[in-house]
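What follows is one structure encoded as structure tokens, with my remarks underneath.
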């Protein structure tokens, strides 16, 4: 089995390659899935190169507002979001994403957050690659 790189960018595992990329970075291949509930600010839909939009797998509005990009809350955010993915409002979206990852050998989870170390895409990637 592969490993998660320290900076959380790529995972090579039994389900293929899962990468993370900001929505504002140029595409670099793969099956690109926007994983934000809201459309990225300032990005024209005509210019976006996404293959899918999994807003149903994103954190709930309540959880997103509670976290509010505060790095000190990230550990608790991670636990709450995993709960939403396992048995909450994001469960169906999470399972749909698992099916996409199984179907495509190279999946790119695209997110808009400026913080590359404390965002929901990291948690989602771990959820998708876990047991």
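For the reader, a short list of remarks on this structure follows.
- Subset tally (residues that are part of a loop (DSSP other than H, G, I, E, B) and either within 28 Å of residue 88 (Cβ to Cβ) or in contact (Cβ under 8 Å) with a residue 60 or more places away in the chain (or both)) for the stretch 36-58: 12
- Verdict on residue 84 being surrounded by fewer than 21 Cβ atoms within 10 Å (Cβ to Cβ), outside any loop (DSSP other than H, G, I, E, B), at pLDDT 95 or above and over 12 Å from the mean Cα position of the chain (by Cα): no
- Only a single item in (1) outside any loop (DSSP other than H, G, I, E, B); (2) in contact (Cβ under 8 Å) with a residue 12 or more places away in the chain is not met by residue 89, and it is number (1).
- Residues satisfying the stated conditions in the stretch 68-81, i.e. surrounded by 12 or more Cβ atoms within 10 Å (Cβ to Cβ), touching a residue at least 40 places away in the same chain (Cβ under 8 Å) and assigned to a helix (DSSP H, G or I): 74, 77, 78, 81
- Residues satisfying the stated conditions in the stretch 92-111, i.e. under 13 Å from the mean Cα position of the chain (by Cα) and part of a strand (DSSP E or B): 107, 108, 109, 110, 111
- Just one of the listed residues (122, 100) is surrounded by fewer than 19 Cβ atoms within 10 Å (Cβ to Cβ), out of contact with any helix residue (DSSP H, G or I) (no Cβ under 6 Å at 6 or more places or on another chain), farther than 12 Å from residue 57 by Cα and in contact (Cβ under 8 Å) with a residue 24 or more places away in the chain, namely 100.
- Test: residue 9 is on the phi > 0 side of the Ramachandran plot, at pLDDT below 90 and out of contact with any helix residue (DSSP H, G or I) (no Cβ under 7 Å at 6 or more places or on another chain): no
- Selection status of residue 115, assigned to a helix (DSSP H, G or I), out of contact with any strand residue (DSSP E or B) (no Cβ under 6 Å at 6 or more places or on another chain), within 18 Å of residue 39 (Cα to Cα) and in contact (Cβ under 8 Å) with a residue 24 or more places away in the chain: no
- Residue ID - farthest from residue 121 (Cα to Cα), chosen from residues in the stretch 44-65 that are surrounded by 14 or more Cβ atoms within 10 Å (Cβ to Cβ) and modelled with pLDDT under 95: 48
The values are calculated or read from the model by the stated rules, or taken from the named source; none is laboratory data. The model shown is predicted, which means the values in this text are computed figures rather than measured ones. Neighbour counts run over all protein chains shown; Cβ positions are idealised from the backbone, glycine included.
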